[in-house]
1. Within the range A:293-328, which residues are of a type in the set (V, I, T) and either farther than 17 Å from A:L148 by Cβ or within 14 Å of chain B (Cβ to nearest Cβ) (or both)?
2. Residues that are outside the structural domain of B:P190 (by TED's automatic domain parsing) and without any contact (Cβ under 8 Å) to a residue 12 or more places away in the chain: which strands (runs of 3 or more DSSP E) entirely in the range B:11-105 hold 2 or more of them?
3. Determine which single condition B:L221 fails, assuming it passes every other condition in (1) outside any loop (DSSP other than H, G, I, E, B); (2) crowded, with 21+ Cβ neighbours inside 10 Å.
4. Given B:V202, B:V194, B:V181, which one is aliphatic (A, V, I, L, M), more than 11 Å from chain A (Cβ to nearest Cβ) and part of a loop (DSSP other than H, G, I, E, B)?
5. Considering only residues of the range B:117-163 that are more than 14 Å from chain A (Cβ to nearest Cβ) and acidic (D, E), which is surrounded by the most Cβ atoms within 10 Å (Cβ to Cβ)?
6. Are any of the residues in the range B:198-209 in contact with a helix residue (DSSP H, G or I) (Cβ under 7 Å, 6 or more places away or on another chain), surrounded by fewer than 19 Cβ atoms within 10 Å (Cβ to Cβ) and over 19 Å from B:L333 (Cα atoms)?
7. Considering only the range B:100-116, I want to know if a residue exists there that is modelled with pLDDT of 95 or more, β-branched (V, I, T) and closer than 21 Å to B:L263 by Cα.
8. I need the full set of residues from the range B:209-266 which are hydroxyl-bearing (S, T, Y) and in contact (Cβ under 8 Å) with a residue 12 or more places away in the chain, in order please.
2 protein chains.
Amino acid sequence: MSYTPLTEASVVTYVRRTGVATELFGDVTDIVAQDLADGNVNLVFRVYSASDPVRKSVIVKQALPYARAVGKEFKMPLDRTRIETEVLRLQAQFAPDQVPKVFHFDEEMHLVMMEDLNQHRIVRTGLIDHIRYPKFAKDIGIFVARTLFYTSDLYLSSEEKKGMVVKFMNPGLCKVTEDLVFTHPFSNHPENRVNPLLSRHVRELRSNTALVAKVNHYKTLFMTQAQALIHGDLHTGSIMVNQDETKVIDPEFAFFGPMGFDLGALIGNLALSYVSQECHIQDAAERVSYQKWLLDTISQIWHTFEDEFLALWNDHAVDWKNGQFQKEYVWRLLQETAGFGGTKMMRRIIGLAHVADMESIADENARAKCESLALNIGSSWVMASGSIRHIDDLLSMMTQARPSIGDDSHD
Amino acid sequence: MSYTPLTEASVVTYVRRTGVATELFGDVTDIVAQDLADGNVNLVFRVYSASDPVRKSVIVKQALPYARAVGKEFKMPLDRTRIETEVLRLQAQFAPDQVPKVFHFDEEMHLVMMEDLNQHRIVRTGLIDHIRYPKFAKDIGIFVARTLFYTSDLYLSSEEKKGMVVKFMNPGLCKVTEDLVFTHPFSNHPENRVNPLLSRHVRELRSNTALVAKVNHYKTLFMTQAQALIHGDLHTGSIMVNQDETKVIDPEFAFFGPMGFDLGALIGNLALSYVSQECHIQDAAERVSYQKWLLDTISQIWHTFEDEFLALWNDHAVDWKNGQFQKEYVWRLLQETAGFGGTKMMRRIIGLAHVADMESIADENARAKCESLALNIGSSWVMASGSIRHIDDLLSMMTQARPSIGDDSHD
């Protein structure tokens, strides 16, 4: 079938015709579709059995040649669906419980059919509602450690890894990140969106040569350092959770890049949630307690990652058996995590794509204060990144930072 | 024509049949061939007109599926001839006077026919004879600056560069470097060759955990950092010179790797020459003077490189316009140059492949002393690499280093 964007009607016909339909649904006569319309760049349908909508349900995700959230002029490569599918299948080998199952892939339609995680919720929205997820930190720490270690030169043969670098070369989506994370936010690009109350703070930040130099450095790492097959977009909107499980979705930005970019996306977005709680939780005691849970979550993610990564290294690596190198390697990872994490925090405040954690704060002044605080944390992470030795250094910068504008700012 | 290794007889027939033969030789009846037999891993013939052997002459280089210098069990990928040819053609766009002209490429025969540089000499052997080359430092500094800048993300579009990374993926020859430069020399690998008089020094060096950790770090950079299309084997045996010209040959190890690897190969091998002059030049005043020329050459190469690289950057880069970033970028390049250069110096003393600069020293004790000095310089470069800020730092380490064994060592 040649490429045609599907509709609620045509996706049902499409699913009925796939080989796996009977296996998944039994009776395929009563299936219906719902356009979830929640992707920035894809069509996403839930296709389910009217008689058993929870258990008999799949997600159909189809790439569009442009970003819906921006407009038809913002081109997106269709090949990303192949990359997403191959990454999900590969990650299922290392972390089978933490990715949705893939049922079907259609190369011509740029479409993938996968498990419907209808018993899970996007982490970001759960955090906005200040829910605690007891298994999240450990699950995601292990997921990141495994997916990165098993696709790195520490595990793979030199030749095998280089073959995978070619297979997962993802220039179109890398360019989106290069522009929207590292370049546009730190210049006066017309696509940037900034809270007007922040304009002085943002002007100062963009003219901070030392800071922009470090962001440029992290951009070169993003563009040159083929360290492991990273998820490439591992913020809290790409992870689904409940009280028992953690699932990582949407790896269409995956490519061989710096490990710190995934870790940084994760903890940077948790830091954004931490900051946003200043507005989301009115009760001071409850706010302090939930913010402490977020700090502990960041710490536990890092420690779980480090322990699992080093355990895999000690068990499986053939070369690279040098304790001092191992120690310095992990330090460097933490430093790059800080650099990427801080950059990603800032771009969510001063670039095109913002986060619901902040956008859901109705009061403009209160939001500006949170956004200013987030900029200061992000900037301090980036500036200190070269000398960080412990995850606690990042947590201290979070708790000690203050916004650059007050409640009554009219800047 | 399907792949058959050529002989002195068959290469003449082959050349006569190529489309460019008449253009190059006019009369093709009197051409003859000479097996130069000087490649480690290739067949190399000079094919020339008997009536005008200097002006009418070409080099025919054909890949063998194994390394002649080691044995048939040491496999080498034949694809390297395509890579060499494409690199020479590409470099000719940026530095036309500094690479041999390519006349003909035969994909099936894994053969390239190129300009015969019979008026030039390999730099390494010229240095052993303590000849000064007045244009060398400037020429090679500019060559390295241009070939690296024009193939980096500083110049190319993101997408174009990623396409070139794939085209120049060179896993077979990268693996040779990974093993022979970074891994085997720093372990007790059976292929290593070490002067027995050095055994204590080498034992100490291999058990120096901090040093081996740093070498491991540079190995990860070599394996992950796709910064520019590097030559990949830019020692003094890959450069031909005379008093007027400088030509860079043999880019079959080329791939997208760290820029510092080319710069380090270059200055590391000049440092090996510097050390070896202790034995090659008996007259003290002459030795001091020639060694000073070598130090000046290293310094001039670096400064020429830096000036040309920054001039290209300022003229051509679209993004990356930040003075502080530029300064830190060049510091980092110098630091990685020191790390790679020091590693390459050491591997030429304690690994499989040695250099004529040292091997031509007949006296075993004198050679051991030079080799020990080279190890100490290489090791000091690697250990200090993280904090180096100026090329003079590397020169000071050269002049201040002492060998770890005396003239009367019987270790």
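1. Once the filter is applied, which keeps residues that are of a type in the set (V, I, T) and either farther than 17 Å from A:L148 by Cβ or within 14 Å of chain B (Cβ to nearest Cβ) (or both), the range A:293-328 yields A:T297, A:I298, A:V318.
2. Output list reads B:71-75.
3. (2)
4. Only one candidate qualifies: B:V194.
5. Among them, the one singled out is B:D139.
6. Taking every residue of the range B:198-209 in turn, at least one turns out to be in contact with a helix residue (DSSP H, G or I) (Cβ under 7 Å, 6 or more places away or on another chain), surrounded by fewer than 19 Cβ atoms within 10 Å (Cβ to Cβ) and over 19 Å from B:L333 (Cα atoms).
7. No; the residues of the range B:100-116 include none that is modelled with pLDDT of 95 or more, β-branched (V, I, T) and closer than 21 Å to B:L263 by Cα.
8. B:Y218, B:T236, B:S238, B:T246, listed by residue number.
The values are calculated or read from the model by the stated rules, or taken from the named source; none is laboratory data. Keep in mind the model is a prediction, meaning the values are calculated, not measured. Here Cβ is always computed from backbone atoms with ideal geometry, including for glycine, and neighbour counts include all displayed protein chains.
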